[in-house]
Every structure is written in C-alpha cells, then in structure tokens.
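Heads up: the structure comes next, in structure tokens.
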Amino acid sequence: MSVSPPNLFQFAMDNTNDEFANPSDLTVLLNAIGSAGKFISSEINRAALRDIFGSAGSANVTGDDQQKLDVIGDNVVAEALLSTGLVCAMSSEENAGLIDCGDAAVTGEYCVVYDPVDGSSNIDVAAPIGTIFGIYRRLSEGVPAGDVDILRPGNEMLVAGYVLYGSSTIFCYTSGDGVHFFTLDPTLGDYLITEENVRSHGSSHVYSANEGNSGKWHDPDLNWVEHVKSEGYSGRYIGALVADFHRNLMKGGIYAYPGDKSSPDGKLRLLFECAPLAFIAEQAGGAASNGKTAIRNIEPTQLHHRTPMYIGNADEVALLEGFHSRA
Ligand code: AFP
C-alpha cells in the first residue's frame with residue numbers, strides 16, 4: 001500500500017517557526033487561503049455553466065473592470081481569513097480601503113494583502129489565473145489595526161504565496177525557509193506536496209513582457225528588449241502575472257512590466273502582486289527589481305501603490321538592471 005505524500009496542513013505544522021505567535025498559526029492561515037482556493041478553482045471550472053463569466057459591471061479602485069469572479073473571489077478569501085479570528089487587517093486589490101475585521105482588528109496577530117483573482121481578463125478564455133497573498137505580523141498593539149500595519153515593505157513579510165488555477169491547481173508558499181509547491185488532488189480535495197525547496201530555473205533565454213506597449217517604453221527597456229531579441233530569446237506571455245511568474249520559476253526566464261511614458265509606475269500593485277512574488281523569487285534564488293531597487297525594499301506609500309517590476313532568474317534581472325544603470 002502506498003503512503004500519500006504530506007498535505008499542506010501536515011507540512012505547515014511541521015515547518016512553522018518562531019516568527020508566529022502560536023505554532024499552529026501558519027497552518028491555520030494557509031488552510032484558510034487553501035480552502036478559498038479550492039472554492040475559486042471549482043467556480044472557475046464551472047464558470048460558463050454558472051453564468052459567472054464576464055464583467056460585474058463595476059470598476060475597482062484603480063479603474064480596472066471587475067469581473068464577476070473578481071468579486072466572488074474577493075469575498076471568499078476575505079471570509080475564509082476572517083473565520084480564523086487571527087487576522088486584524090486585510091487589504092485587497094478589489095477594495096479601496098482596509099477590509100473590516102471586526103473584533104479581530106484589535107486581537108488578531110496578522111495582516112494579509114491579496115489579489116483574489118490575478119489575470120482576471122483570462123477567465124473568459126479558460127486561460128490560467130491565480131490568487132496571490134502576503135502575510136505580515138501586526139505592529140500596532142491594543143488598538144484596531146490600521147494602515148501602519150499594512151503599508152510595509154516586502155522584506156517584513158512573514159509568508160507569501162499563490163494559488164495557480166491552470167491545467168492543475170497549484171498552491172505555492174514560502175515562510176522564509178524555501179519555496180514549496182502542493183498540487184490539489186481533486187478526488188481527495190487536498191493539496192499534496194509535489195516539490196519541496198523549489199529553486200529558480202537557470203537562465204533559459206525567455207522573456208515575458210507585453211511588447212505591445214513598447215511604443216511607450218523608455219530607452220533602457222527598449223534597449224534591453226532589442227538586446228535579448230538579438231541574443232535569440234523566446235517570448236512567452238500569458239497575461240496573468242502569477243502564471244507567467246510560475247512558468248519562469250519552473251522553466252527559467254524573466255518577467256518584465258516596465259513603467260512607461262503614460263504610466264510611469266507601470267501597472268502592477270506593489271502590495272498585492274509584486275512584494276509577495278518577490279519574496280518567493282528570492283527564496284527560490286531568483287530576484288525582483290524595479291530596475292534600480294529590490295522590490296522587497298520599496299516602502300509603499302498607499303495601499304494601491306504601483307511599481308515597475310522585473311522578476312525571475314537572478315542573472316536575467318541583473319542584466320536588465322545594467323541597462324537601467326547605464327541610462
Ligand atoms: P487583472 O487582474 O486586472 O487582469 O490584471 C492582471 C495584471 O495585473 C497581471 O496579472 C498581468 O501580468 C498584467 O496585468 C497584464 O497586463 P497587460 O494586459 O497590460 O499586459
């Protein structure tokens with residue numbers, strides 16, 4: 001009889017550390033996000049059948065058209081985290097301000113930032129999307145948690161991860177001790193470990209960027225992209241950061257979303273997208289930069305702070321930074 005590999009619950013229990021208030025907290029928080037991920041995964045799989053494709057007819061705080069699944073995913077993740085009683089502050093890409101955490105705003109120990117459905121324009125075409133999250137330990141004491149607990153650089157993050165809804169559903173996380181992948185077994189309804197201590201793939205001459213925007217790019221990015229093309233790099237762009245990031249982590253490459261002449265800070269959100277993935281990239285031996293500074297060292301000035309980002313193989317990010325430092 002074969003023994004099943006450890007599930008997410010067992011693995012997190014065995015791999016907690018003393019950064020957490022209680023040894024079980026990591027497990028409880030990951031379990032909550034994992035449960036939300038199972039629900040979102042099943043909703044995505046049945047989206048056409050349940051008429052939850054398409055726009056919700058609203059825009060989020062940064063003006064993006066909200067999809068029905070953005071709204072569903074946002075509520076599901078928030079409710080799962082609130083049910084733990086451990087979360088004092090939450091902020092998501094879909095909300096202008098902090099999400100109300102009730103009594104736990106005073107008693108909870110953790111703050112969570114998340115993008116419930118990253119790449120939501122992929123939903124209607126059955127292409128990959130994902131949920132991204134980051135968790136901090138609170139700073140304030142004895143008062144309802146506020147912006148001070150959330151507006152923090154990625155280098156203060158305790159845990160970061162994502163759930164990728166692709167040809168299979170993958171749960172990835174780091175708590176500062178390596179990066180681990182779990183795959184959802186739909187028959188068991190459980191995430192089982194499929195790769196421990198993932199290492200960023202070596203350089204494989206792949207770049208992921210929306211080159212359709214290059215007419216607005218600045219010279220360092222134009223020079224870099226001409227260079228990589230002259231070196232014979234391949235382009236791979238899914239249009240969902242979490243999916244492009246995961247592909248490059250496993251197969252090698254660099255993802256680039258530069259600032260440009262009409263959007264100097266680019267499109268991506270520092271708290272909900274960039275800082276969590278930067279933590280994962282670094283833990284896997286990769287790197288993430290805004291062209292000059294490590295993403296994890298950037299102090300957010302507002303919840304929806306945007307930043308250019310280049311992330312992936314460390315040598316590829318260093319090459320890109322060279323073009324920016326010579327500018
Ligand atoms: P949405 O979640 O609003 O679809 O945004 C996704 C995203 O922030 C990121 O996941 C993609 O890499 C990027 O946008 C794609 O943007 P472009 O459509 O401008 O290439």
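What is the helix-to-structure angle for 314-325, meaning the angle in degrees between its Cα long axis and the longest Cα principal axis of the chain, kept from 0 to 90 and rounded to the nearest 10? Taking Cα atoms only, the helix is inclined about 50 degrees. Computed from backbone phi with θ = phi - 60° and the Karplus coefficients 6.51, -1.76 and 1.60, the 3J(HN,Hα) list for the range 201-206 is 4, x, 4, 10, 6, 10 Hz; x is used for glycine and proline. Counted over the range 8-195 with a bin width of 10 Å, the fraction of Cα pairs per bin, in whole percents, is 9, 38, 36, 16, 1.
3J(HN,Hα) along the range 240-253, derived from phi through the Karplus expression 6.51 cos²θ - 1.76 cosθ + 1.60 where θ = phi - 60°, amounts to 10, 3, 4, 6, 5, 4, 4, 4, 5, 4, 7, 10, x, x Hz, with x in place of Gly and Pro. Across q = 0.13, 0.21 Å⁻¹, the range 206-325 modelled as identical point scatterers on its alpha-carbon atoms has Debye log10 I(q)/I(0) values of -0.43, -1.23, in the order of the q list. Close amide H pairs (under 5 Å, H built 1.01 Å from N) link Met90 with Ile99, Val112, residues at least 5 positions away or on another chain.
Take the Cα of Asp147, step 7 Å toward its Cβ, do the same at Asp177, and the gap between the two points is 3.6 nm.
Placing pseudo-labels 7 Å out from each Cα toward the beta carbon at Thr107 and His218 gives an inter-label distance of 4.9 nm.
Could you sort Met90, Met13 by accessible area so the largest value comes first, with the probe set to 1.4 Å?
Details: Met90 0, Met13 90 Å².
If we order Met90, Met13 from most to least accessible, we get Met13, Met90.
Taking the Cβ-Cβ separation of His205 and Ser140 as r and a Förster radius of 45 Å, what is the calculated FRET efficiency to the nearest 0.05? Efficiency for this residue pair is about 0.45.
Against the chain, whose longest principal axis comes from its Cα atoms, helix 68-82 is set at around 50 degrees. Amide H contacts of Ser204 (H built 1.01 Å from N, in plane; Pro and chain starts excluded): Gly253 sit under 5 Å, all sequence-distant by 5 or more or on other chains.
In the calculated pair distance distribution of the range 123-270, what percentage of Cα-Cα distances lie above 24 Å? Could the numbers behind the result be given before it?
Values: 5061 of 10878 pairs.
Looking at the range 123-270, the distances longer than 24 Å represent 47 percent of pairs.
Loop-located chymotrypsin sites (Phe, Trp or Tyr not before Pro) in the range 102-146 (DSSP state not H, G, I, E or B) with no more than 13 neighbouring Cβ atoms inside 10 Å do not occur. Using equal-weight Cα scatterers in the Debye expression, the normalised intensity of the range 58-155 in log10 at q = 0.16, 0.19 Å⁻¹ is -0.67, -0.88. Note on Lys292: aspartates and glutamates with a C-alpha under 17 Å away, same-chain residues under 8 apart excluded, are Asp219, Asp221, Asp260, Asp265, Glu282, Asp315, Glu316, Glu321. The alpha carbon radius of gyration of the range 220-268, expressed as a multiple of 2.2 N^0.38 Å, is 1.24. The listed peptides 14-20, 270-276, ordered by packing as a protection proxy, come out as 270-276, 14-20 (highest mean of other Cβ atoms within 10 Å first). In terms of its C-alpha gyration tensor, the range 265-327 comes out oblate, because a/c is 1.5 or above while a/b does not outweigh b/c.
With the convex hull built on the Cα atoms of the chain, state its orientation-averaged projected area in nm². Spell out each step's value before the answer.
Numbers: hull surface 67.7 nm².
Projected over every direction and averaged, the Cα hull of the chain covers 16.9 nm².
For a Förster distance of 35 Å, can you work out the FRET efficiency between the beta-carbons of Glu226 and Asp124, rounded to the nearest 0.05? Write out the running numbers ahead of the final one.
Numbers: r = 34 Å, r/R0 = 0.96.
Efficiency computed from Cβ-Cβ geometry: 0.55.
The values are calculated or read from the model by the stated rules, or taken from the named source; none is laboratory data. All figures in this text were calculated on a predicted structure; none of them were measured in a lab. Positions of Cβ are backbone-derived with ideal geometry, glycine not excepted, and every protein chain shown enters the neighbour counts. Ligands, DNA and RNA are stripped out before the accessible areas are found, and what is left, the full protein with its side chains, is counted by its heavy atoms. Shrake-Rupley method; radii C 1.70, N 1.55, O 1.52, S 1.80 Å.
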